[in-house]
Structure formats: C-alpha cells, structure tokens
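Notes for the one structure printed next.
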Amino acid sequence: MLSICEESRHDFSYTLRSKIQSVSSNFASKSGWRSFNAKDFQVIHLKIKMAHLASVFCNYRIVHISDIHYGQWVSSERLGGIVELVNQICPDAVVVTGDFVSYLLDKGLEEELVLHLGRLQSRDGVFAVLGNHDHWAGADRVRGILKRSGIIDVSNEVYVVERGGFRLVFAGVDSVMMGKARLDVVLEKMPLDDPAVLLVHEPDFALTTAFTRRFGLQLSGHSHGGQFRIPGLGTPFRGRYARWYPHGLYDVGGMALFTSSGLGTNSYWLRVNCPPQIVVVSLV
C-alpha cells in the first residue's frame, strides 16, 4: 500500500504525464506525424503445437495485438488501419493483452476506441485482459470501453470455444503489476484437460503459469520489445515483469510463451529495430 506522500507523488506524476501526452499528441497530429502506413507494422506468423488439440481446431488462427497505448503514437487513423490489417487475416479469434491506453482517457478518446475496437472481426470473439496502464487510467472505464466494443474481458476469467463437441479454452489474468492477477480463481473455473491459451499482460508471469502444466500457450505484451533492440544482443531496456522474457517466442517449462513488441509506444515515441507487431498464431 502506498503512503500518503507516495500517493501524492504518484498523482502529481500521473497528472503531469497526462498533460505531456495531450500536448505531444496534438502537436504530432498537426505536424502530420500520426498517419497510418501499413509498412510500419510487422506481421509475424507462428505455428504453436498444442497438446490434446482436437482436429477441428487444427490451424486455428489467433491474432494477437497488445499495448495500443491509444492517444499517443497510435492515433485514430493508425488504429483504424490496424483494425483493417487484423480483419484482413480473417482470424478465428482476436486477443488483446492490455494497455489499451496510457495516461490520458477523456471522453473523446473513449468514443474513438469504441468506434475502432468495435470493428474488430473474428469467428469466435475478441478477448482481452487489462494492463497496468489501464488500471492507472481507470479500470472501470476501460472495461466499459471493452463491453461497448463487444470485447470479452477475460481478466481472471475463462471463455470456452466449442466445435463439434471439442473445446478450446481462452483464459486470462488481470494485471500482475497491479496485484490483480488471480490465477487460482482462473484454474478453479477451467474445465479439465482441454487445451488452453492464457492471456497475461506481463510476460514474466510465465514463471508461475508454466508450472501449473495447464496452459499450452501464454500470450503477453507489456515490454514493447524494449523499443530499442541491438542486433545480436537484444534490448537493454527491460522493465518490471519483462526482464526474463522481453521479446519473441520462448519455451518456459514446456509452455510456449510469445511476448509481443506491441503496437504503440509510451514515454518515448521511438522504436529502433523493433517495429510494432501484429502476431498471427496458428495452433497445430
């Protein structure tokens, strides 16, 4: 729990960052720096082997996006273009692993998010969990945006997709960094033995989830891939809960983990050797 002084410093820092975001975004928009170009986005294709996956789910396509941080580098035009790229893939499911926003969430940004996110299309649904920034900006407000957009919030929840009598589980935990993750609750809600995909904003939580032996795949974001990557060395920038698994595909105790570089940026609007990503996962 934060002390009164710590809460005051946090509130002041958050307010200052909100104002900086507003000024920077307005300046960038007027300067024409926030237009959409599909070539700016890297589309990654992965095949992930899932134990006990029924043949009806073979080549099941999940599009994974993360860390939109809407209202900063990702403008309305950019998010609209991202949604079009996702829909062109014709996914079976879309998953979003948190940080829809950064520091500022006014009514205008809310309505723009609902407009764009509500256009995401998939066969079985769009699933999401919240990230730490979503809590800082107002978890209830972000959940309201998800509900209005037709997105299924699986933060500490489970959703089961059924085909031909067989099941595929989408589960999620709320933000680890904010102390909101309840993996125990999720495990109690899950059906036994069915293949399961877990959505977690913070990738290092894989050190916990892998050893439940209950998930074949964890999808995460949070790190932005470090935003700066040195060829052959990776990223020198590893924040809390993204120190072990900051970018790409890992095997963690037999569980596959993919940490997305995300779509947006946060404090600094710059990426070096680390383009924003849209990830297409095919289950086999």
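The values are calculated or read from the model by the stated rules, or taken from the named source; none is laboratory data. Bear in mind that the values here come from a model prediction, so they are computed numbers and not experimental data. Neighbour counts run over all protein chains shown; Cβ positions are idealised from the backbone, glycine included. The accessibility values were calculated without ligands, DNA or RNA, using every heavy atom of the protein model including side chains. Shrake-Rupley method; radii C 1.70, N 1.55, O 1.52, S 1.80 Å.
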| Taking the condition part of a helix (DSSP H, G or I) and at pLDDT 95 or above, does VAL161 pass? | no
| request: Give the residue, chosen from ASP153, ASP184, ASP99, ASP193, that is of a type in the set (Asp, Glu), under 26 Å from MET50 (Cα atoms) and touching a residue at least 40 places away in the same chain (Cβ under 8 Å). | output: ASP193
| message | With the requirement that a residue be within 28 Å of SER75 (Cα to Cα) and either at pLDDT 95 or above or among the β-branched types (Val, Ile, Thr) (or both), what does the range 250-270 give you? | response | PHE258, THR259, SER260, SER261, GLY262, LEU263, GLY264, THR265
| query | Which residues, counting only those in the range 236-280, are open to solvent by less than 10 Å² (accessible area, probe 1.4 Å), among the β-branched types (Val, Ile, Thr) and farther than 20 Å from ASP204 by Cβ? | reply | THR265, ILE278, VAL280
| Can you pull out the residues in the range 73-112 that are touching a helix residue (DSSP H, G or I) at 6+ places or on another chain (Cβ under 7 Å) and surrounded by fewer than 24 Cβ atoms within 10 Å (Cβ to Cβ)? | SER75, SER76, LEU79, GLY80, GLY81, VAL83, LEU85, TYR103, LEU104, LEU105, GLU110, GLU112
| Candidate set from the range 51-72 (those that are of a type outside the set (S, T, N, Q) and open to solvent by 50 Å² or more (accessible area, probe 1.4 Å)); member that is farthest from PHE36 (Cα to Cα) | HIS52
| For the range 223-270, what are the residues that are charged (D, E, K, R) and closer than 18 Å to VAL176 by Cα? | ARG238, ARG240, ARG243
| request: With respect to GLU112, determine if the residue is outside any strand (DSSP E or B) and touching a Leu at 6+ places or on another chain (Cβ under 9 Å). | output: yes
